[in-house]
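The values are calculated or read from the model by the stated rules, or taken from the named source; none is laboratory data. Nothing here was measured: the structure is a model prediction, and the numbers come from that model. So basically every Cβ, Gly included, is an ideal-geometry build from the backbone, and we count neighbours across all protein chains shown. What goes into the accessible areas is simple: the full protein's heavy atoms, side chains included, and nothing from ligands, DNA or RNA. Shrake-Rupley method; radii C 1.70, N 1.55, O 1.52, S 1.80 Å.
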Amino acid sequence: MDTPTKPEPAAARTAVADTRPLQVLQQVFGYPAFRGAQQEIIEHVSAGGDALVLMPTGGGKSLCYQVPAIVRHRAGQGVAVVVSPLIALMHDQVGALHEAGVAAAYLNSSLEGDEARRIERELMSGQLVLLYAAPERILTPRFLAMMASLHERGLLSLFAIDEAHCVSQWGHDFREEYLGLSALHEQFPGVPRVALTATADSHTRADIVERLQLQEARLFVASFDRPNIRYTIVEKDEPKKQLLRFIRDEHDGDAGVVYCQSRRRVEETATWLQTEGINALPYHAGLDADVRRRHQDRFLREDGIVVVATIAFGMGIDKPDVRFVAHLDLPKNIEAYYQETGRAGRDGLPANAWMSYGLADVVNQRRMIDESEAEEDFKRLQRGKLDALLALCEAIDCRRVRLLSYFGQPSTPCGNCDNCVSSPETWDATEAARKALSGIYRFRQAGGQRYGAGHLIDVLRGKTTEKVTQHGHQSLSTFGIGADVSEAQWRLVLRQLIALGHVQAEGDYNTLALADSAREVLRGEVPVRLRVPAEPRGRGATGRGERPARGSAGKPPPLPLDAEATERFLRLKAWRAEVAREHNLPAYVVFHDATLAEMAREQPASMQALAAISGVGAKKLEAYGHEILRVLGGETGVISGPD
Ligand code: ADP
Ligand code: ZN
């Protein structure tokens, strides 16, 4: 720091403890500018205001409390206590802060007694800038007493409550211990609080405000857009093969997550990918805790691992270079979809969110809601949410516009989703939809019985199958009225009608029934436009052909590096791997890929030039600067000059 023997100009400048947020961002984290709402949030919290921050996954929530914590510590206001639900991740987060030269620590059950005492001493001395702990630890009498002592001395600077939606019973991450956190406000009323979450629905938000007593807090809703993520939803055909093709074509050697609905499907899919040469690992709640930890660890630390998981995987994982998130099955709702897909591309480089979707998904999700034990009110809410997701899947216009409008944010077509990249071929299915609904209606009139989609399509297409003659359905007025529409198209019409809620599929045989809203469609008041299905004449075809994946929107541009820069990039990566091993941290904690790529491209030749690269803060410059210059100069000899 102030060693007179090493008067590195950049380092010397940054040795002054500046309390301006932007300066802290630049010096400590090496980022040139705040992203979106960060500046306002950070200024507000640094000045002692309470805040509730809604920001999408990957939007940059951590800095919203880390920068204020540093600012306030530099101003003599002591330590920020960060409430975090997952012990597993505190280690890497604290490691990343150490790399940036910030005095941070965590207290959790993974520590030996001696280690915990040492950290408590550091805490009480006021040296620490941030302390991470789980809520159950924070609410112990011992910890509350320590905080009271700090508070008396004016050394309790901030409470940051991460993953604040855990306080709400509406979400799927509810944690009982979060309910106790209102005690913080009651016992330490003067200490500012910032609560952060990526869950944006109004129920959860109201719960957070009420249960954490944040009525006076300022609400910040950041942009929910993640422009570097490309959204693609394909029709489910042979899902595993479609997935494999997607990974091979667009993500060879990349890190990614594949979400499936059941443990069995996770196992099957992981095994299948392995036999196809993909480095895939399963992850679900049925696996041994040890196995899960090992798989998660490999995903974080090794390059190019694909984790196949149920939703049990991912919360709090902040690996920045996940290049794709794939859904083999439909998630529960748009919040879940957005949270899961948001784990891709946190580093801001191009990433893909890919999903395959079919009629069975619709039926299964509806059934899961219908058959759950929940109250009717809750079920109604869940159905509404599912409908919004289905509308997204069926959409023939910009996916992002729909996603953002779900979060209350208006936008224009994005140019970076499947429907924008190549607009789907569509047809006017208004007439066909009316015919399908009349078909269902006539069944009811002709004897009250209900039938499934297959039989309905046979009747509409005028096929005299055994079942048709047996039930006398060839004499219905709807028999043969839809012979001009292919079977594949009929399936799509029915799926759309089910997805839109005009038709319900019920019981073990998925028999079809009309919903109230079907009347408007029957009267022709609701125009229906559908995409042309993958195989317009699909009847006889088994669909085994090797046609290119539909909707696969092409590889996003890779890092724009030429051959020489790529070589430098690879040298830097090899060097980084060594440092990461030495420090027992994931490589991205040392430097992100994006930072190494910029170094490789810009070829900084001095410490000062290196300091200008995004992601190089003062501490990292001091610790690694000379080595990086050496690695960069290695082969070309630019740095060493004439001898
Ligand atoms: P979240 O917690 O909201 O999911 P993170 O806090 O993990 O997101 O941030 C996502 C990534 O974006 C991190 O790798 C972080 O270093 C990076 N990041 C955040 N803010 C900035 C910024 N202003 N400039 C550059 N990178 C940023
Ligand atoms: Zn779009």
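Worth pointing out:
- Residues that are closer than 22 Å to K240 by Cα and surrounded by fewer than 21 Cβ atoms within 10 Å (Cβ to Cβ) within segment 343-358 comprise just one, G358.
- Leading residue by the ranking (least open to solvent (accessible area, probe 1.4 Å)) among those in segment 469-481 that are β-branched (V, I, T) and part of a loop (DSSP other than H, G, I, E, B): T478
- Qualifying positions in segment 94-131 - open to solvent by less than 60 Å² (accessible area, probe 1.4 Å) and part of a loop (DSSP other than H, G, I, E, B): A100, G101, V102, A103, N108, L111, G126, L128, V129
For (1) surrounded by fewer than 17 Cβ atoms within 10 Å (Cβ to Cβ); (2) of a type outside the set (K, R); (3) free of Cβ contacts under 8 Å to residues at least 60 places away in the same chain, each residue gets a yes or a no:
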| position | (1), (2), (3) |
| --- | --- |
| P560 | yes, yes, yes |
| R568 | no, no, no |
| L572 | no, yes, no |
| A577 | yes, yes, yes |
| A587 | no, yes, no |
| F591 | no, yes, yes |
| A600 | no, yes, yes |
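- The single condition among (1) at pLDDT below 95; (2) in the same structural domain as A80 (by TED's automatic domain parsing); (3) not in a loop (DSSP other than H, G, I, E, B) that A195 does not satisfy is (1).
- Qualifying positions in segment 52-93 - modelled with pLDDT of 95 or more, among the hydrophobic types (A, V, I, L, M, F, W, C) and part of a helix (DSSP H, G or I): L63, C64, V67, A69, I70, V71
- Test: residue in segment 227-244 that is over 30 Å from I369 (Cα atoms), under 14 Å from the mean Cα position of the chain (by Cα) and open to solvent by 20 Å² or more (accessible area, probe 1.4 Å): yes
- In segment 482-531, the residues that are of a type in the set (V, I, T), more than 15 Å from K435 (Cβ to Cβ) and either in a strand (DSSP E or B) or out of contact with any helix residue (DSSP H, G or I) (no Cβ under 6 Å at 6 or more places or on another chain) (or both): T511
- Restricting attention to segment 161-176 and to residues that are part of a helix (DSSP H, G or I) and open to solvent by less than 70 Å² (accessible area, probe 1.4 Å), the residue that is nearest to ligand 2 (Cβ to nearest atom) turns out to be H165.
- Flag for D254 being of a type outside the set (A, V, I, L, M) and assigned to a loop (DSSP other than H, G, I, E, B): yes
- Residues of segment 39-61 satisfying the condition of being in contact (Cβ under 8 Å) with a residue 40 or more places away in the chain and near ligand 1 (Cβ under 6 Å from one of its atoms): M55, T57, G58, G59, K61
- Scanning segment 132-145 for residues that are open to solvent by 20 Å² or more (accessible area, probe 1.4 Å) and either part of a helix (DSSP H, G or I) or in contact with a strand residue (DSSP E or B) (Cβ under 8 Å, 6 or more places away or on another chain) (or both) yields E136, R137, P141, R142, L144, A145.
- Output for segment 440-453, where each listed residue is of a type in the set (D, E, K, R) and either part of a helix (DSSP H, G or I) or within 16 Å of ligand 2 (Cβ to nearest atom) (or both): R442, R444
- Filtered by the rule that a residue be under 26 Å from the mean Cα position of the chain (by Cα) and open to solvent by 20 Å² or more (accessible area, probe 1.4 Å), segment 179-197 gives a lone residue, L179.
- Applying the criterion of being polar (S, T, N, Q) and outside any loop (DSSP other than H, G, I, E, B) to the residues of segment 265-293, the residue that is most open to solvent (accessible area, probe 1.4 Å) is T275.
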